[in-house]
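Written below as structure tokens is the structure these notes are about.
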Amino acid sequence: MDVEELRQYIEENSHIKNAFMSHELAHLKEINDGLAPSRRHNAAVMQHDADRAYDAFIDDLYNRIMTGLKLHRTDSAEKWATAIEEAEVLDNIEESILDADE
């Protein structure tokens, strides 16, 4: 499984992207609101920054899953999915993102 396959798997099997983006956009808005009016970013710039943060999050997650579950890039998507499900990775990540919002 490669990074793009993991991204697709996450988006099809969890609410991680929605939770992450909601949390990240709220954080960026808070920072943006603290800037002088002339230095504030528009919504498109903040969305772009949130998208980049999500991409970095997925890249990091991919490497952590590969290391933590002893998987390899050449392993099948099915093997990755099984290992991710058995370790409840998506549930734990989603829960931690939702807990961070509180």
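The values are calculated or read from the model by the stated rules, or taken from the named source; none is laboratory data. Since the model is a prediction, treat every value here as computed from it, not as a measurement. A quick note on method: Cβ atoms are made from the backbone with ideal geometry, for glycine too, and the neighbour counts reach across all protein chains shown.
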(message) Being touching a Ser or Thr at 6+ places or on another chain (Cβ under 9 Å) and either at pLDDT 95 or above or β-branched (Val, Ile, Thr) (or both) narrows it down to one residue among 58, 93; which is it?
(response) 93
(request) Run residue 87 past the list (1) small (Gly, Ala, Ser); (2) free of Cβ contacts under 8 Å to residues at least 24 places away in the same chain; (3) over 22 Å from residue 4 (Cβ atoms) and report the number of the one that doesn't hold. (result) (3)
(message) Of the residues 50, 81, only one is under 17 Å from the mean Cα position of the chain (by Cα) and under 17 Å from residue 100 (Cα atoms); which?
(response) 50
